[in-house]
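**Student:** So that we are looking at the same thing, I have put the structure below in structure tokens.
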Amino acid sequence: ESKQTLGRLRDLGVDRFVLISGDREASVSAVANEVGADAFYASCTPEQKMQILREEQALTKGTVVAVGDGINDAPALASATVGIAMGAYGSAISAEAADIVLLVDDIEKVSQTISISQSTLRIAKQSIWIGMGLSLILMGIAACGYIEPAIGALLQEIIDFAVIINALRIR
């Protein structure tokens, strides 16, 4: 499933995948090649994983997401922009260090999480702009004396309600 998941993540805008592991180079290389990782690092200590993540953050100047499940992944999960722990069989320490804990050890859930996050952010921004825009228009009309204060307060409640209904589209 990993190769397909990376494909879906690329479709969602993720442009770089780096496999960082404490396992031997032969194993990590084989997995990295199989799933289509852009780079890989093997035989890494927790401190090295953290350092590599910091280097990736400096290189990309963007969001760096780390996914892990073990005790050795906890420092990397904590230092990433967003840490995602595979929590079903992972360690409690990695779950504690992460921002997101997946309760099912299914790598596909990572792409679903990213998709939901992107949708949530898009709808939240949309709701903010709609709410502010309508409020500013109505304040301008009210400032010109065309809306009484009680009606203005009612219209503001209607705007708030509409924004909340818009936010319910998040899935």
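The values are calculated or read from the model by the stated rules, or taken from the named source; none is laboratory data. Since the model is a prediction, treat every value here as computed from it, not as a measurement. In this analysis, Cβ positions are derived from the backbone assuming ideal geometry, glycine residues included, and neighbour counts consider all displayed protein chains. When the accessible area is computed, the model is the full protein with side chains, heavy atoms only, and any ligands, DNA or RNA have been set aside. Shrake-Rupley method; radii C 1.70, N 1.55, O 1.52, S 1.80 Å.
**Student:** How much of the accessible area of the chain, in percent, comes from carbon and sulfur atoms when a 1.4 Å probe is used?
**Tutor:** Taking all protein chains in place, the chain shows 61 percent carbon and sulfur surface.
**Student:** Also, I was wondering about something else. List the lysines whose Cα lies under 18 Å from the Cα of residue 3, skipping any in the same chain that are fewer than 8 positions away.
**Tutor:** Within the straight-line cut-off, residue 3 pairs with 109.
**Student:** Could you please put 67, 18, 28 in sequence from largest to smallest accessible area, using a 1.4 Å probe?
**Tutor:** Of 67, 18, 28, the descending order of accessible area is 67, 18, 28.
**Student:** Still on this structure, please answer the following. Please list, in chain and number order, the residues 5+ apart from residue 101 or on another chain whose amide H is under 5 Å from its amide H, with Hs placed from the backbone.
**Tutor:** 85
**Student:** Something else: Compute the FRET efficiency between residue 112 and residue 166 as 1/(1 + (r/R0)^6), taking r as their Cβ-Cβ distance and R0 = 25 Å, and round to the nearest 0.05.
**Tutor:** Computed FRET efficiency for residue 112 and residue 166 comes out at 0.70.
**Student:** Largest first, how would 1, 108 line up by accessible area (1.4 Å probe)?
**Tutor:** Descending order: 1, 108.
**Student:** Here is a follow-up. Might you report the magnitude of the Cβ-based charge dipole of the range 7-100 about its Cα centre, with Lys and Arg at +1 and Asp and Glu at -1, to the nearest 20 debye?
**Tutor:** I would put it at about 140 debye.
**Student:** Could you sort 47, 96 by accessible area so the largest value comes first, with the probe set to 1.4 Å?
**Tutor:** So the residues, ranked largest to smallest area, are 96, 47.
**Student:** Which whole-number value in Å² is the accessible area per residue of the range 65-171, probe 1.4 Å?
**Tutor:** In whole numbers, the range 65-171 has 63 Å² accessible per residue.
**Student:** How much solvent-accessible surface does residue 132 expose, in Å² to the nearest 10, with a 1.4 Å probe and all protein chains in place?
**Tutor:** Only protein atoms counted, so the area is about 90 Å².
**Student:** When the dipole is taken about the Cα centre of the range 1-46, and only Lys, Arg (+1) and Asp, Glu (-1) are charged at their Cβ, what size is it in debye, to the nearest 20?
**Tutor:** 60
**Student:** Still on this structure: Starting from the Cα of residue 11, step 7 Å along the direction of its Cβ; do the same at residue 143; then give the gap between the two resulting points in nm.
**Tutor:** 4.7
**Student:** Would you grab the residues whose amide H sits under 5 Å from the one on residue 20? Only those 5+ places off in sequence or on another chain, please, with H modelled 1.01 Å from N.
**Tutor:** Here the answer is 41, since their amide H atoms fall under 5 Å of that of residue 20.
**Student:** Also, quick follow-up: Ignoring everything but the protein chains, give the 1.4 Å probe accessible area of residue 137 in square angstrom, nearest 10.
**Tutor:** That residue has around 100 Å² of solvent-accessible surface.
**Student:** Tell me which chymotrypsin sites (Phe, Trp or Tyr not before Pro) from the range 80-171 have a DSSP coil assignment and no more than 15 other beta carbons within 10 Å of their own.
**Tutor:** Loop-located and lightly packed - 89, 146.
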